[in-house]
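Visitor: So that we are looking at the same thing, I have put the structure below in structure tokens.
The values are calculated or read from the model by the stated rules, or taken from the named source; none is laboratory data. From a predicted model like this one, the values you see are computed outputs, not experimental measurements. Every residue, glycine among them, receives a Cβ derived from its backbone with ideal geometry; neighbour counts consider all protein chains shown.
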């Protein structure tokens, strides 16, 4: 049995819808809504958008969760409680801090009015450590990154260029197939 690498499972960027880094959050939300509807109808097999820069190079990705996070800019100040739980910080511990920030003190319509004009480029940052993987990396390394960092997908790179996406669902299918051939 051939030892597969990330390149063998990745989805090439050409199969993804893209949005310009100059788009606003409203345009990104509409595009993600269309992608979701196409996904539900079986037309499209992905639920994220790739973000392209002025040169057409892929610089990141945006998901429904990213749009929701942009709606609450104060949320950037308090890190993901799942990540912090690895260090003994619980959601119960964070709750008083969340309450003091007043996350929910405005009606949704007011939050949407402000957030809809935000540019996608403010949401894009260099992929965090563990958010990208080389196309030549082993599948074991990819499993490690997906599981440890709680990512739904990883940006696949060739050098510094993003060339594809490795989805958690594809990695899981590969694990199930591999388990099936093991003599357990």
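Visitor: Tell me which helices (runs of 4 or more DSSP H) are completely within the stretch 1-93 and hold 2 or more residues being in contact with a helix residue (DSSP H, G or I) (Cβ under 9 Å, 6 or more places away or on another chain) and at pLDDT 90 or above, or say none if there are none. It would help to see each step written out before you state the result.
Guide: On the way: elements: 6-9, 25-40, 64-71, 81-85.
Once the helices (runs of 4 or more DSSP H) in the stretch 1-93 are filtered for at least 2 residues that are in contact with a helix residue (DSSP H, G or I) (Cβ under 9 Å, 6 or more places away or on another chain) and at pLDDT 90 or above, what remains is 6-9, 25-40.
Visitor: Which of the residues that make up the stretch 123-149 are touching a residue at least 12 places away in the same chain (Cβ under 8 Å), loosely packed, with under 13 Cβ neighbours inside 10 Å and assigned to a helix (DSSP H, G or I)?
Guide: 148, the sole residue that qualifies.
Visitor: Filter the stretch 150-180 down to the residues that are in contact (Cβ under 8 Å) with a residue 60 or more places away in the chain and in a helix (DSSP H, G or I), then identify the one that is farthest from residue 49 (Cα to Cα).
Guide: My answer is 174.
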